[in-house]
Amino acid sequence: MVTEIAKKEISVKTLVNSGIRRKANVTPVFKKGKKEDPGNYKPGSLTSVPGKVMEQLILGVISKHVEEKKVIRSGQHGFTKGKLCLTNLIVFYDGMTGWVN
């Protein structure tokens with residue numbers, strides 16, 4: 001995993017050293033209700049494009065490592081692509097009903 005990150009060192013190093021990862025524009029984002037009420041807004045962080053690119057590079061390397069090394073077991077549903085907590089609940093329910101029958 002470290003070697004994969006090191007291969008991308010030039011682009012990531014440039015982004016990190018430039019301080020881009022620390023900068024974000026915070027803007028109010030309307031939730032619901034009356035627009036005149038300041039309590040109906042939440043802070044929204046608008047990350048820079050280079051920051052998002054760096055985030056995707058790191059995510060790709062970590063995801064590849066986790067998949068290749070089988071870090072997450074097949075029974076894990078909440079953090080794997082194509083599986084949800086709902087599918088985990090269905091599997092659990094099927095198991096419980098099998099014990100009852």
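Some notes on this structure:
- Added length on full extension, which subtracts the Cα-Cα distance from 0.36 nm per residue, THR80 to VAL100: 4.3 nm
- Once backbone amide H atoms are built at 1.01 Å from N, TYR41 has LYS31 as its partners under 5 Å, excluding neighbours fewer than 5 places away on the same chain.
- Projected label points at GLU67 and VAL53, each 7 Å from Cα along the beta carbon direction, are separated by 2.3 nanometres.
- Multiplying the residue separation of LYS42 and VAL29 by 0.36 nm and subtracting their alpha-carbon distance yields 4.2 nm.
- A cut-off of 5 Å between modelled amide H atoms, ignoring neighbours fewer than 5 places along the same chain, links HIS77 with no other residue.
- Footprinting exposure proxy ranking of HIS77, HIS65, fewest other C-beta atoms within 10 angstrom first, gives HIS65, HIS77.
Just so you know, all these numbers are worked out from the coordinates, no wet-lab data involved. Being a predicted model, the structure only gives us computed values, none of them experimental. Cβ: placed from backbone, ideal geometry, glycine included. Neighbour counts: every protein chain shown.
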